[in-house]
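Trainee: Below is a structure I'd like to ask you about.
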Amino acid sequence: MKRELSYIKLQCDQGIANLLFNRPEKLNALNFDMQNEIMDALQYAERDPEIRVIIMSGIGRAFIAGADISVMAGQSSFQYREYGKWYHEIRQQMLGLSKPIIGAVNGYAYGGGAVVAFATDLIVASENAKFGQQEINVGHIKGASYLPRTIGRFRAAEIVMLGEIITAQDAYSMGLVNWVVPGEILMEKANEIAKKLIGKSPKALMMAKQVLRIQNDSPESVADLYELEANSLCFGTPEQIESMHAFVEKRKPNFNK
């Protein structure tokens, strides 16, 4: 990536892009520049054909500890609307990416950090990770638009309206994260998952992401038909042919032919 980054680190190796939030002295709290860098890095990873999977994590004690309150303090309604658009835009960018994103949540994922974490496709959390939509505690809201689709209205209301901290184990019980592991093996587990994804057809993964996204916004009958169309487009591609040949021949597929 040509642009110099101040608030994130982007490390790419063997098909995996590690996007690391790097503002540890502020617990990786989001400011304008950091927000722009995250979007630019995701765009770079999407365009690079060598990158197959993205892992997002934080440096230090936090994943992202929320927005930088000093940036938000004193904003008017219309000023916040301009600032707050980023949370909508980053969710749509992440959900719309063709490549899987793994959230390796190492610590605090509060407020805007929870928004980013819950826009990933798979989440592995350290035992010390903590989540929360605490915006209600400072007079505004976040999470009411997307959490009900994941965990149901009443669980979502508990998170959004009480604004309490959720432990990694509680998040797992609610269905918000996939795995909880000791902190010292967090990135090892994330890379293990990434390598499994690299073994799948990139086009099939892209289609899976699209259908998973649309099913939240559509009746089941519509989503089911969309899955049929998306699945049909997988057939006849070199990746699908190689996947089936590899299965029959009892070997791993090779997508680099």
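The values are calculated or read from the model by the stated rules, or taken from the named source; none is laboratory data. Since this is a predicted model, take the numbers as computed values, not measurements. No Cβ is skipped: glycine too gets one built from the backbone with ideal geometry, and neighbour counts run over all protein chains shown. With ligands, DNA and RNA removed, areas are computed over all heavy atoms of the protein, side chains included. Shrake-Rupley method; radii C 1.70, N 1.55, O 1.52, S 1.80 Å.
Trainee: Give the carbon-plus-sulfur fraction of the accessible surface of segment 1-107 in %, rounded to a whole number; probe 1.4 Å, heavy atoms of protein chains only.
Mentor: So the carbon and sulfur contribution to the accessible surface is 48 percent.
Trainee: If you don't mind, there's one more thing I want to ask. With only alpha-carbon pairs counted, each pair once and no self-pairs, how large is the Kirkwood hydrodynamic radius of segment 33-87 in angstroms?
Mentor: Final number for the Kirkwood radius of segment 33-87 is 13.6 Å.
Trainee: Given axes a ≥ b ≥ c from the Cα gyration tensor, I'd like to know whether segment 98-156 is rounded (a/c under 1.5), prolate (a/b larger than b/c) or oblate.
Mentor: oblate
Trainee: Also, I was wondering about something else. Can you classify segment 142-257 as rounded, prolate or oblate using the Cα gyration tensor, where a ≥ b ≥ c are the square roots of its eigenvalues, rounded means a/c under 1.5, and otherwise it's prolate if a/b beats b/c and oblate if not?
Mentor: Note, shape of segment 142-257 comes out oblate.
Trainee: Which distance in Å, rounded to a whole number, links the C-alpha centroids of segment 126-198 and segment 26-45?
Mentor: Each part's Cα centre sits 20 Å from the other's.
Trainee: A follow-up question, please. Once you put a point 7 Å from the Cα of Asn128 and another 7 Å from the Cα of Met244, both along the Cβ direction, what distance in nm separates them?
Mentor: 4.9 nm
Trainee: Students often forget the sequence filter, so: which aspartates and glutamates lie under 19 Å Cα-Cα from Lys26 once same-chain residues fewer than 8 apart are removed?
Mentor: List returned: Glu37, Asp68, Glu135.
Trainee: Using only the heavy atoms of the protein chains and a 1.4 Å probe, how would Cys234, Cys12 rank by accessible area, largest first?
Mentor: Putting Cys234, Cys12 in descending order of accessible area: Cys12, Cys234.
Trainee: Explain nothing, just the number: relative contact order of segment 1-72, from Cα pairs under 8 Å at least 6 residues apart, as a whole percent.
Mentor: Dividing the mean separation by the residue count of segment 1-72 yields 40 percent.
Trainee: Please say if segment 61-114 is rounded, prolate or oblate, where rounded means a/c under 1.5 for a ≥ b ≥ c the square roots of the C-alpha gyration tensor eigenvalues, and otherwise the choice is prolate for a/b larger than b/c and oblate otherwise?
Mentor: Taking the square roots of the gyration eigenvalues as a ≥ b ≥ c, segment 61-114 is oblate.
Trainee: Are there GluC sites (Glu not before Pro) in segment 37-95 that DSSP puts in a loop and that have at most 12 other Cβ atoms within 10 Å, and which ones?
Mentor: Answer in residue order: Glu50.
Trainee: Taking all pairs of distinct Cα atoms, average 1/r, flip it, and tell me the Kirkwood hydrodynamic radius of segment 152-206 in Å to one decimal place.
Mentor: Hydrodynamic radius (Kirkwood, Cα pairs) of segment 152-206 is 13.7 Å.
Trainee: About its Cα centre, what dipole magnitude does the chain give when the only charges are +1 on Lys and Arg Cβ and -1 on Asp and Glu Cβ, stated in debye to the nearest 20?
Mentor: Here the size comes out at about 280 debye.
Trainee: Could you give me the radius of gyration and the Dmax of segment 121-196, taking only the C-alpha atoms into account and expressing both in angstrom?
Mentor: Rg and Dmax of segment 121-196, Cα atoms, are 13.7, 42 Å.
Trainee: List the lysines whose alpha-carbon lies under 20 Å from that of Lys142, not counting same-chain residues fewer than 8 positions away?
Mentor: Of all the lysines, those that pass the test against Lys142 - Cα under 20 Å, at least 8 places apart if same chain - are Lys85, Lys130.
Trainee: With label points built 7 Å along Cα→Cβ from the Cα atoms of Thr237 and Asn216, find their separation and express it in nm.
Mentor: Simple spin-label model gives 2.2 nm for this pair.
Trainee: Can you compute the modelled spin-label distance between Glu229 and Asp170, with each label point 7 Å from Cα toward Cβ, in nm?
Mentor: Inter-label distance under the simple model: 4.1 nm.
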